[in-house]
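The values are calculated or read from the model by the stated rules, or taken from the named source; none is laboratory data. Since this is a predicted model, take the numbers as computed values, not measurements. So basically every Cβ, Gly included, is an ideal-geometry build from the backbone, and we count neighbours across all protein chains shown. Protein only, heavy atoms only, side chains kept; ligands, DNA and RNA dropped before computing areas. Shrake-Rupley method; radii C 1.70, N 1.55, O 1.52, S 1.80 Å.
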Amino acid sequence: MIRDAARDFAKNELLPGVIERDTHQKFPAEQIKKMGELGFMGMMVSPEYGGGGMDTISYALAMEEISKIDASASVVMSVNNSLVCYGIEKFGNDYHKHKYLVPLATGQKLGAFCLSEPEAGSDATSQRTTAIDQGDYYLLNGTKNWITNGGTADYYLVVAQTDKEKKHKGINVFIVEKGWEGFEIGPKEDKLGIRGSDTHSLNFNDVKVPKENRIGDDGFGFTFAMKTLSGGRIGIASQALGIASGAYELARNYSKVRKAFGTEICNHQAIAFKLADMLTEIEAARYLVWKAAWEKDQGLNYDISGAMAKLKASQVAMNVTVEAVQIHGGNGYVKEYHVERLMRDAKITQIYEGTSEIQKIVISRGLLKD
Ligand SMILES: Cc1cc2nc3c(=O)[nH]c(=O)nc-3n(C[C@H](O)[C@H](O)[C@H](O)COP(=O)(O)OP(=O)(O)OC[C@H]3O[C@@H](n4cnc5c(N)ncnc54)[C@H](O)[C@@H]3O)c2cc1C
């Protein structure tokens, strides 16, 4: 039912206008509002806080369907669900949950997750943003880069260094509200793909963050970021899977109607074998995604399975979208047929929430343990 609801929504509400939004880098504001009303923005949050109370498998199914049509909308959904809502529900206190989680889970407000900086991407421990303890508030200063929902969010989870001496154990995470004095939103990035999502740098100049807006004990910020990203990767893996399966479906359908040398191109074995390879790889990625989601739902450790799912699904998304363009021939190279957009969108899944190289570090460290 969840998959069908997401599929119908994507077809009816996201497909119209998806090319235009991509061309003009237009944020799908109305569509995201509707997704909130339908419960897609806080799917796994407990009903006590206005969420859907669903499991990670359901979330992965919905993410796949939304991503088949519009990966820009699905990254907005992914950040809000698996980074922001999850982080606050899992590690926040009652105050954080009632004040911030409820509006985020019900889709009335939108969240952003702010870890990356100009000098801290893969190496997230190199935080230069500082939050200095001033008694009843922290003074926040610094720059964050590449923040999804950067301009459109209402609430921002901001990671910052509070005690440099303690290195990553001196990092904290704070809930910061848009509009607070000294909080400036930088220009929007002009991107290769997921162009409907808005990505900005953020500047904090002496922003006063109330003490109660720190999540967890002093020094918990780095662990918070790593634990949250671990689940986030299941969301991005589902996004990659959706991009791949969307491109595959378009290519399959096209191959059954396009004729060359007197027959539909799917009757040429070179094309049929491409489709066979594409679907086999998609299925392999899908089971890795579901395994990671299932492990999370069972309360098992999913650090490695989540990294494997993201590594594999993002590679499959790249390979399958390139082949989908190839199967479309010249038509694959123009916007009208959607596959060129999916090919551009696929690339980001190998970069954000930990590059493919970083996923291999996570997996190899895990397999070498003990
Ligand atoms: C569109 C978009 C949206 C984003 N959204 C967010 C967001 O909402 N919030 C947020 O905090 N961040 C966000 N990011 C940032 C993203 O997570 C980082 O870009 C990513 O983690 C990589 O960091 P970097 O760009 O600094 O690359 P670098 O860390 O400089 O990496 C450059 C290259 O070196 C490789 N590399 C680095 N270290 C190693 C190593 N030890 N071993 C092997 N290879 C290595 C990397 O894999 C990569 O290929 C977003 C980025 C983009 C492009």
Expected output for segment 9-21 (first residue of a type in the set (Val, Ile, Thr), partner in a helix (DSSP H, G or I) and loosely packed, with under 14 Cβ neighbours inside 10 Å, Cβ below 7 Å, 6+ apart or cross-chain) is 19/335
Of the residues in segment 336-365, those that are more than 18 Å from residue 315 (Cβ to Cβ) and open to solvent by 20 Å² or more (accessible area, probe 1.4 Å) number 5
| Does any residue of segment 123-131 turn out to be of a type in the set (D, E, K, R) and within 16 Å of the ligand (Cβ to nearest atom)? | yes
Here the qualifying pairs (Cβ atoms under 6 Å; residues six or more apart or on different chains; first in segment 349-361 and farther than 20 Å from residue 68 by Cα and more than 6 Å from the ligand (Cβ to nearest atom); second assigned to a helix (DSSP H, G or I) and open to solvent by less than 70 Å² (accessible area, probe 1.4 Å)) come out as 356/311; 359/307; 359/310; 359/311
Residues of segment 91-126 being in contact with a helix residue (DSSP H, G or I) (Cβ under 8 Å, 6 or more places away or on another chain), assigned to a loop (DSSP other than H, G, I, E, B) and open to solvent by less than 50 Å² (accessible area, probe 1.4 Å), in sequence order, are 92, 106, 107, 110, 115, 124
Of 82, 72, the only residue that is within 16 Å of the ligand (Cβ to nearest atom) and closer than 16 Å to residue 348 by Cα is 72
Practice prompt. Answer with yes or no whether residue 330 is without any contact (Cβ under 8 Å) to a residue 12 or more places away in the chain and open to solvent by less than 70 Å² (accessible area, probe 1.4 Å).
Written response: yes
In segment 1-28, anything loosely packed, with under 14 Cβ neighbours inside 10 Å and not in a loop (DSSP other than H, G, I, E, B) is listed as 3, 4, 8, 11, 12, 20, 23, 24
